[in-house]
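First up is the structure itself, then whatever we jot down about it.
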Amino acid sequence: MTGNTGNVDEALGYEQARDELIEVVRRLEAGGSTLEESLALWERGETLAKVCRRWLEGARARLDAALAEEDAAEESDQGDGRM
């Protein structure tokens, strides 16, 4: 679970990163890890959270662009006298 860095993380899909993040949180909450293991898990969780955040921000940007395009098309149609 640990050891993935850089481009490998970039290739993770949202669901894959989310699922791994859930597992990291589960392991942290369960306890029983050494301080070093806990820190490594925490760092991995931070990385996975960033991957998820980038995916969600990208999805939001695409949604906003699609809505803006739809609004522009509706305004254009109304300006042409069409509804």
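No value in this document is a laboratory result; all are computed from the given coordinates. Here the structure is a predicted model, which means the values were calculated and not measured. Cβ sites come from the backbone with ideal geometry, for glycine too, and all protein chains shown count toward neighbours.
Hey, what D do you get for the stretch 33-82 in µm²/s if you plug the Kirkwood alpha-carbon radius into Stokes-Einstein at 25 °C and 0.890 mPa s?
On the way: Rh = 14.0 Å.
The estimated diffusion coefficient comes to 175 µm²/s.
Given labels modelled 7 Å from the Cα in the Cβ direction, how far is it in nm from Glu74 to Asp9?
3.9 nm
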